[in-house]
Amino acid sequence: MTKITLPHDHGQNVEKVLRKMPDQEACARTAEIFKQVSDGSRLRILWFLCHCEECVSNIAAAMEMSDPAVSHHLRLLKKSGLIVSRRDGKETYYRLADTDKAGLLHRVCEEMFEISCPSEQ
């Protein structure tokens, strides 16, 4: 990181903060994940897939959406690394990715929705 000189010194240790500040690329990757969960339909689908593995048709029925609409949302969530899929014959099943970021989003969703995991009840 290049040395940044701020125009005003307000007596704070800003240099320590600047050393830890994420770079532009890291912020762009994180913003992309936030974009995916900023859509209410994708957020519902993500929460659903936190608790079960399902195929497009069942997800669509649960969300009261069309298969093509759900497929679109699943494609975006998968591209961002929040969900994964597996094929079994002609069916493709989707579930939450087993990553720290996906797990964190799961916990944040439950806190924001003020609900607990169905598996914890």
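The values are calculated or read from the model by the stated rules, or taken from the named source; none is laboratory data. Predicted model, so just to flag it, every value in this text is computed and none were measured. Reconstructed Cβ throughout: ideal geometry from the backbone, glycine too, with neighbour counts over all protein chains shown. These area figures cover heavy atoms from the full protein model, side chains too; ligands, DNA and RNA do not enter into them. Shrake-Rupley method; radii C 1.70, N 1.55, O 1.52, S 1.80 Å.
Among the residues of region 27-35, are any open to solvent by less than 60 Å² (accessible area, probe 1.4 Å) and closer than 25 Å to T92 by Cα?
Yes.
Answer yes or no: is there a residue in region 71-90 that is within 28 Å of R29 (Cβ to Cβ), of a type in the set (G, A, S) and at pLDDT below 95.
Yes, because at least one residue in region 71-90 is within 28 Å of R29 (Cβ to Cβ), of a type in the set (G, A, S) and at pLDDT below 95.
Give all pairs with beta carbons closer than 6 Å in which a residue from region 16-39 that is assigned to a helix (DSSP H, G or I) meets a residue that is of a type in the set (K, R) and modelled with pLDDT of 90 or more; count only pairs at least 6 apart in sequence or on separate chains.
From region 16-39, the pairs are Q36/R42.
Would you check if there is a residue in region 18-31 being touching a helix residue (DSSP H, G or I) at 6+ places or on another chain (Cβ under 7 Å) and either of a type in the set (A, V, I, L, M) or over 17 Å from S85 (Cβ atoms) (or both)?
For region 18-31, residues touching a helix residue (DSSP H, G or I) at 6+ places or on another chain (Cβ under 7 Å) and either of a type in the set (A, V, I, L, M) or over 17 Å from S85 (Cβ atoms) (or both): absent.
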